[in-house]
C-alpha cells in the first residue's frame, strides 16, 4: 500500500545474483509450462508485495530462456524447474549484467551518486534499440523491468510502444509491487502472475540463505514472523536493533488508546539521531498496523472510524516525509503519531 | 597468466579495441578488456554488447591464462610507457589483480573474472566470403552519409547489405537511406555470398569497420548469419549484432523514367553550390536550380540576409526546368562522385532526381527535391 522503499543498511541480495528461489512453485511451474508449450505470452506482469521474490523469479526465468533458447529441446521438455546447472555461463553473465540477450530496466544512480526515484524515459527508450537489433545469444531477447511502478508516465509509454509490437522471440518480465497502478494499456498486454507473500518458514529459509544465519536463530524466527511474508523486510529487521524497535512500536500500538508516556519517551530516544533505517522501521510498523485495521474493519458498520483512520494515515505519512526531508527532531513525531492514532481509535 | 609483449604492438591493438568501450559504463565488466594469453600470442577483446572486437598479436606466453582489466586505464598505462620497451603482464589465480611491468615501472590493476565477460561471437555463421579492403571501403564510404539518425525508424539506422540482380548479373549491394536521400553501391557478387540473407549493418559497426581498415591492399573476410555479421580485418575480428527489421523496398523510389539529363562538372558544381549556400539560413537550406539549354543558374534566397546567384555552363538539352534541393544534401552527394562529372536525371520539380557518376559505374544516388 505504501510506495516507500525501506532503506536498509544490510546489503540486500540482488535478485540478479540470487539463484535459489524459495516458494512460488506454482508460479514457476506456470512459466515453465508456458515456455514449454512454445507459445509463451511475450509479456508477464509479476505482482505481489515487496521482497517476496518477484524479481528473483523474473531473473530465474530470464536465465532459463537465455540458456535454453529452444523450447522444444529435451533440456526444456524434461525440466522440472527453472533452475540451471551450477556454473552455467549464463549465471555469470546475468549476474555481471553482461548478457547481450538481457536488458534490465531499474533505477540507476544519477550524476550526484544518489539513486534516482524513477526510471527515466531515456532508460526506457533503450528498449527500442535493444529490440530493434538482433539478439546476441541464440535468438531470445529478454527485458526485466524491476519495477514497472517506478517508470514515470513518459517512460511507461515508451515501454508500451515496444510491448505493443514486440519482435519475434522477445520476452518482457515486468515486476510490480502495486499492479493496479500500472498503466492500463500495459496491463492489458501482459499475462498476470500474482505471487503471494511467503509463509513464515519460507521467509526463514530465504533470509537465512541471504544473510548467512542459522535458520534456528531465534532473532531470525522473530524477524520472519514480523515480516509478513517478505524476505527483504525480514532482512531489514535483522539489521541493527530494527527488530527491537519494531517490537516496541507494535507493543505500543496494541496498547492504544491508553499509551504509557514513558514508553513513548523511550521510543523517541531510541529513534533519535540520523539513522534512516530506524525511522523507516518505525513508520513502516505504523503503516502496517493502520493498513491491517483498514482491511479488517467492517465498511458498513465502522465507516466514520475507518475514514478517520485513513485520514490519520495520510497525515502521518506527510509528517514522516517532512521529518526525513528536513531532518527534524524525531521525538515530536513519535508523540504526534500516537496522539493522532489515540484520537482516531478512541 | 604470464606474458611478455612488445609495447608498440600492444599499444596499437589496444588502440583498436578500447574504442569500443564506452567511457561511462553502468556495468563494470563492460568497461574492461579481456586479456587472454595463449601459445605464442595474446588476444584482446572488448565489447559494448552490440559489437565485439578481438585482436590477436604475437607475444611470449610463459603461462597461458585470461583476465579482464579496465580498458581505458590499461590503454593509458601502455601509452605512457617508454617506446620500445617490453611489457610483462602477470596475474596469479589468488589475487584479483594484474601486474604490469616494463623497465622500472610497475603497475597493478584490479581485475574482474573472465567468466563474467560476455561472448557475442558464439553461434554459427552460415555464409562466408572475402572482399578486397578497397571494395569494402567503397561500399561503406559511398553510402554512410545517407544513414538515418532517426530512432523511430530504427531499420534505417544502418546499411542494408544484400545480394541483388542488376541487369542480369548478381551483385552485392549496399543501400542506405534516411527518406530524403538514398545511396546505392554495388559490386559483382563475391563467391560464397550467393544466397546470403539481406542484413542491416548498424551505423556504429559501419564506422568501426571503416576505422579498422588501415591498409586497403588486404582482403577482408566477411561472415554472416541472420543474427550477426563478422569482419576479419588482418588480425582484428569484429563481430556485431544486426538491426532486426525489414528494410523498405527501396527499388520503388529509384526513378526509372527521368528523361531530362544534366551533366555537370563535379568540382565546379560542388564549389558553386557551396558558395551560394553561404547565404542560406540554418532552417531552410534550399538552393534553386534553374535549367535552360546549356545553362544552370543556382539561386539561394534568404529573406533575412539576402540572396546569391551563380551561373554554370552545363550539358543540358531538354526543356527549361526549375527545381529546388537541400544544399547540404546536394553537397554530400557531390562529394561521393569519384569521376570528373556527375549526371543528374530529372523529371519534374516534384519528383526524385537520380544522380550518378558519369565515369564510374556501380553507384547511384536518389535525392528528393524541395519546394522553392
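The values are calculated or read from the model by the stated rules, or taken from the named source; none is laboratory data. Please read these numbers as outputs of a predicted model, since none were measured by experiment. Cβ coordinates were reconstructed from backbone atoms using ideal geometry, including for glycine residues, and neighbour counts include every protein chain displayed.
Worth pointing out:
- Qualifying residue in region A:193-204 (condition: within 14 Å of another protein chain (Cβ to nearest Cβ), crowded, with 19+ Cβ neighbours inside 10 Å and not in a loop (DSSP other than H, G, I, E, B)): no
- Among (1) assigned to a loop (DSSP other than H, G, I, E, B); (2) out of contact with any strand residue (DSSP E or B) (no Cβ under 8 Å at 6 or more places or on another chain); (3) free of Cβ contacts under 8 Å to residues at least 60 places away in the same chain; (4) within 14 Å of chain B (Cβ to nearest Cβ), the one test that residue A:139 misses: (3)
- Test: residue A:269 is closer than 16 Å to residue A:329 by Cα and exposed (fewer than 13 other Cβ atoms within 10 Å of the Cβ): yes
- Residue check for residue A:39: outside any loop (DSSP other than H, G, I, E, B), free of Cβ contacts under 8 Å to residues at least 40 places away in the same chain and either in contact with a helix residue (DSSP H, G or I) (Cβ under 8 Å, 6 or more places away or on another chain) or under 25 Å from residue A:187 (Cβ atoms) (or both): no
- Of the strands (runs of 3 or more DSSP E) that lie entirely inside region B:206-271, those containing 3 or more residues that are touching a helix residue (DSSP H, G or I) at 6+ places or on another chain (Cβ under 9 Å) span B:219-224, B:228-233, B:236-241.
- The condition of being in contact with a strand residue (DSSP E or B) (Cβ under 9 Å, 6 or more places away or on another chain), modelled with pLDDT of 90 or more and not in a helix (DSSP H, G or I) does not hold for residue A:82.
- Counting residues in region B:229-252 that are away from chain A (no Cβ under 14 Å), touching a residue at least 60 places away in the same chain (Cβ under 8 Å), over 30 Å from residue A:129 (Cα atoms) and more than 17 Å from the chain's Cα centre (by Cα) gives zero.
- Flag if residue B:191 is in contact with a strand residue (DSSP E or B) (Cβ under 9 Å, 6 or more places away or on another chain) and within 11 Å of another protein chain (Cβ to nearest Cβ): no
- Region A:90-124: number of residues that are facing chain B (nearest Cβ under 8 Å), part of a helix (DSSP H, G or I) and either modelled with pLDDT under 90 or within 23 Å of the chain's Cα centre (by Cα) (or both): 2
- Condition check for residue B:77: over 22 Å from residue B:235 (Cα atoms) and modelled with pLDDT of 90 or more: yes
- Residues that are surrounded by 15 or more Cβ atoms within 10 Å (Cβ to Cβ) and part of a loop (DSSP other than H, G, I, E, B), drawn from region B:86-142: B:91, B:111, B:117, B:118, B:119, B:120, B:121, B:123, B:125
- Helices (runs of 4 or more DSSP H) fully within region A:220-335 counting 1 or more residues that are in contact (Cβ under 8 Å) with a residue 24 or more places away in the chain and closer than 22 Å to residue A:52 by Cα: A:231-238, A:242-254, A:276-296
- Pick from region B:194-221, criterion more than 23 Å from residue B:15 (Cβ to Cβ) and more than 14 Å from chain A (Cβ to nearest Cβ), ranking: surrounded by the most Cβ atoms within 10 Å (Cβ to Cβ): B:196
Table: residues versus (1) touching a residue at least 24 places away in the same chain (Cβ under 8 Å); (2) surrounded by fewer than 19 Cβ atoms within 10 Å (Cβ to Cβ).
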residue	(1), (2)
B:302	no, yes
B:305	yes, yes
B:313	no, yes
B:323	yes, no
B:337	yes, no
B:355	no, no
B:367	yes, no
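- Selected residue (only one of A:262, A:276 is out of contact with any helix residue (DSSP H, G or I) (no Cβ under 7 Å at 6 or more places or on another chain) and modelled with pLDDT of 80 or more): A:262
- Cβ separations smaller than 8 Å between residues 6+ apart or across chains give no pair from region B:10-28 residues that are more than 13 Å from chain A (Cβ to nearest Cβ) and more than 15 Å from residue B:207 (Cα to Cα) to residues that are at pLDDT below 90 and part of a helix (DSSP H, G or I).
- Selection status of residue A:65, surrounded by fewer than 20 Cβ atoms within 10 Å (Cβ to Cβ), in contact with a helix residue (DSSP H, G or I) (Cβ under 8 Å, 6 or more places away or on another chain), in a helix (DSSP H, G or I) and more than 14 Å from chain B (Cβ to nearest Cβ): no
- Subset of region A:145-166 that is touching a helix residue (DSSP H, G or I) at 6+ places or on another chain (Cβ under 6 Å) and within 14 Å of chain B (Cβ to nearest Cβ) - its residue that is farthest from residue B:202 (Cα to Cα): A:158
- Lone unmet requirement of (1) free of Cβ contacts under 8 Å to residues at least 12 places away in the same chain; (2) within 14 Å of chain A (Cβ to nearest Cβ) for residue B:80: (2)
- Complete set of residues in region B:276-303 that are closer than 16 Å to residue B:314 by Cβ and outside any loop (DSSP other than H, G, I, E, B): B:276, B:287, B:288, B:289, B:290, B:291, B:292, B:295, B:296, B:297, B:298, B:299
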